[in-house]
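Report on the structure given below.
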Amino acid sequence: MSFCSFQGGEVFKDHFQPGIYVCAQCGHELFSSRAKYEHSSPWPAFTETLRGDSVAKRPERPGALKVTCGKCGNGLGHEFLNDGPKRGQSRF
């Protein structure tokens, strides 16, 4: 499964089959389907990355970090702090 292929709409927003989501640019493993949940945003939402090196993060604004692929630097969006399905969880 590729992640962040937004041309023509996001095909993985409502996709909940078991598996691993990978970077569309280089195939690096990013998220597990076990961390995916339904959210009102137009993109897939996850509570955590697959591994510590799956993504790189840098502060962008209060409450949000810019997220890129941990291997190739492909832009993946944001981590919204304390915006996950449970108190204290983040949303990717």
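What the table below lists for this structure:
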{"read-out": "Subset of region 54-78 [modelled with pLDDT of 95 or more and among the acidic types (Asp, Glu)]", "value": "none"}
{"read-out": "Where Pro62 falls short, out of the listed (1) surrounded by fewer than 17 Cβ atoms within 10 Å (Cβ to Cβ); (2) without any contact (Cβ under 8 Å) to a residue 24 or more places away in the chain; (3) under 14 Å from Arg91 (Cβ atoms)", "value": "(3)"}
{"read-out": "Conditions (1) more than 14 Å from the chain's Cα centre (by Cα); (2) of a type outside the set (Asp, Glu); (3) open to solvent by less than 60 Å² (accessible area, probe 1.4 Å); number of the one not met by Phe92", "value": "(1)"}
{"read-out": "Selected residue (criterion: modelled with the lowest pLDDT) from residues of region 17-35 that are open to solvent by 20 Å² or more (accessible area, probe 1.4 Å) and farther than 17 Å from Gly75 by Cα", "value": "Gln17"}
{"read-out": "Some residue of region 41-50 being modelled with pLDDT under 90, open to solvent by 40 Å² or more (accessible area, probe 1.4 Å) and of a type in the set (Ser, Thr, Tyr)", "value": "no"}
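The values are calculated or read from the model by the stated rules, or taken from the named source; none is laboratory data. In this text the structure is predicted, and so the values were computed from the model without any measurement. Cβ sites come from the backbone with ideal geometry, for glycine too, and all protein chains shown count toward neighbours. Note: accessible area is taken over every heavy atom of the protein model, side chains too, but ligands, DNA and RNA are not part of it. Shrake-Rupley method; radii C 1.70, N 1.55, O 1.52, S 1.80 Å.
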